[in-house]
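The values are calculated or read from the model by the stated rules, or taken from the named source; none is laboratory data. These numbers come from a predicted model, not from an experiment. Here the Cβ positions follow ideal geometry from the backbone for every residue, glycine too, while neighbour counts run over all protein chains shown.
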Amino acid sequence: MYPVSRRSSAYDRVATMFSPDGRLYQVEYASKIVEQGTMGLGLVYDKGVIFGADKKVTSRLILPESIEKLFKVDDHIGAISSGLVGDARRLVQVARKEAQENRMYYEESIEIETLVKRLGAVKQLFTQYAGMRPFGVSFIIGGVDESGSRLFETEPSGALAEYNAIAIGKGRKDAMRVLEKEYKEGMPFDEGIALLLRVLQKGL
């Protein structure tokens, strides 16, 4: 038999079970999957939001356009994922449905913050009930609505926060150091693109 730590054998079998030190190990494991995913970036520039991503092609036989990393949620909202692509695709379907229903019911585009909070609520739900597992994916969701240019990150736990610039996935720490040092509010499009390329290069 392989040795099994008391911690893992007792507290990580069920997503809803807290350990004595107040941790949900299944949620932490989901976050580890995100950390292993390819890098995604987003930043707010003077007239909108820019996304960038590392699209890792592991074989010359793979068609690069078949690798899903950037998603269009609505005409004014985009998203980048890091983690399990299958989980990302499922949550993007949820987000698109929310956007479409808002347009049908209220005859207007959904606000970005409203959509992000609804998506975060779905993620949180899967950490609260037995028989479910947390989604192993983080998103950068951004766009432009009546309140201006908005950019959010959602985590596997359902937590979310708004940023001027954010990185997710492998190399996040190095990328965030560059963004914190070089990002400037109201920067023009060309400078934003140049910064994203530098961050991607640093992260890789």
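Only residues that are among the polar types (S, T, N, Q) and in a strand (DSSP E or B): list them for the range 135-173, please. Walk me through it before giving the result.
Taking the range 135-173 and keeping what is among the polar types (S, T, N, Q), we get 138, 147, 149, 154, 157, 164.
Listed by number, the residues that qualify are S138, S149, T154.
Which of the following residues is within 13 Å of the chain's Cα centre (by Cα), aliphatic (A, V, I, L, M), within 16 Å of V144 (Cα to Cα) and at pLDDT 85 or above: V34, V116? Steps first, please.
Details: V34 fails: within 16 Å of V144 (Cα to Cα).
Residue meeting the stated conditions: V116.
Just checking, which of F135, F152, F139 is in contact with a Pro (Cβ under 8 Å, 6 or more places away or on another chain) and either crowded, with 21+ Cβ neighbours inside 10 Å or within 13 Å of G40 (Cα to Cα) (or both)?
Values: F152 fails: in contact with a Pro (Cβ under 8 Å, 6 or more places away or on another chain); F139 fails: in contact with a Pro (Cβ under 8 Å, 6 or more places away or on another chain).
Checking each option against the conditions leaves just F135.
Kindly indicate the residue of the range 69-109 that is of a type in the set (S, T, Y) and surrounded by fewer than 20 Cβ atoms within 10 Å (Cβ to Cβ) and also nearest to L151 (Cα to Cα) among those meeting that condition. Talk me through it step by step, then tell me what you get.
Step one: list which residues in the range 69-109 are of a type in the set (S, T, Y), which gives 81-82, 105-106, 109.
If we keep only those that are surrounded by fewer than 20 Cβ atoms within 10 Å (Cβ to Cβ) too, we end up with 105-106, 109.
Values: Y105: 25, Y106: 23, S109: 17 Å.
Among those that are of a type in the set (S, T, Y) and surrounded by fewer than 20 Cβ atoms within 10 Å (Cβ to Cβ), it is S109.
If you scan the range 33-81, which residues turn out to be among the β-branched types (V, I, T) and touching a residue at least 60 places away in the same chain (Cβ under 8 Å)? Talk me through it step by step, then tell me what you get.
First, pick out the residues of the range 33-81 that are among the β-branched types (V, I, T): 33-34, 38, 44, 49-50, 57-58, 62, 67, 73, 77, 80.
Hits for the range 33-81 are I33, V34, T38, V44, V49, I50, V73, I77, I80.
A quick yes/no check of all residues on (1) out of contact with any Lys or Arg (no Cβ under 9 Å at 6 or more places or on another chain); (2) more than 12 Å from I140 (Cα to Cα); (3) of a type outside the set (F, W, Y):
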position	(1), (2), (3)
D46	yes, yes, yes
A53	no, no, yes
L63	yes, yes, yes
V85	no, yes, yes
A88	no, no, yes
Y105	yes, yes, no
I110	no, yes, yes
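Among the residues in the range 59-73, are any among the acidic types (D, E), within 11 Å of the chain's Cα centre (by Cα) and under 19 Å from G37 (Cβ atoms)? Let's see the steps before the verdict.
Narrowing the range 59-73 to residues among the acidic types (D, E): 65, 68.
Still in the list and also within 11 Å of the chain's Cα centre (by Cα): none.
Scanning the range 59-73 turns up no residue that is among the acidic types (D, E), within 11 Å of the chain's Cα centre (by Cα) and under 19 Å from G37 (Cβ atoms).
Given the condition free of Cβ contacts under 8 Å to residues at least 24 places away in the same chain, surrounded by fewer than 20 Cβ atoms within 10 Å (Cβ to Cβ) and more than 14 Å from the chain's Cα centre (by Cα), answer yes or no: does some residue in the range 155-173 qualify?
If we filter the range 155-173 for residues that are free of Cβ contacts under 8 Å to residues at least 24 places away in the same chain, which is where we start, we get 161, 173.
Right, trim to surrounded by fewer than 20 Cβ atoms within 10 Å (Cβ to Cβ) and you get 161, 173.
Still in the list and also more than 14 Å from the chain's Cα centre (by Cα): 173.
Yes, some residue in the range 155-173 is free of Cβ contacts under 8 Å to residues at least 24 places away in the same chain, surrounded by fewer than 20 Cβ atoms within 10 Å (Cβ to Cβ) and more than 14 Å from the chain's Cα centre (by Cα).
Confirm whether Q93 is at pLDDT 95 or above, polar (S, T, N, Q), under 18 Å from the mean Cα position of the chain (by Cα) and not in a strand (DSSP E or B). Give the steps one after another, and end with the answer.
Numbers: at pLDDT 95 or above: yes; polar (S, T, N, Q): yes; under 18 Å from the mean Cα position of the chain (by Cα): yes; not in a strand (DSSP E or B): yes.
Answer is yes for this residue.
Among S59, S109, which is the only one that is assigned to a loop (DSSP other than H, G, I, E, B) and either in contact with a strand residue (DSSP E or B) (Cβ under 6 Å, 6 or more places away or on another chain) or modelled with pLDDT of 90 or more (or both)? Quick ask: steps written out before the conclusion?
Details: S59 fails: either in contact with a strand residue (DSSP E or B) (Cβ under 6 Å, 6 or more places away or on another chain) or modelled with pLDDT of 90 or more (or both).
Exactly one of S59, S109 is assigned to a loop (DSSP other than H, G, I, E, B) and either in contact with a strand residue (DSSP E or B) (Cβ under 6 Å, 6 or more places away or on another chain) or modelled with pLDDT of 90 or more (or both), namely S109.
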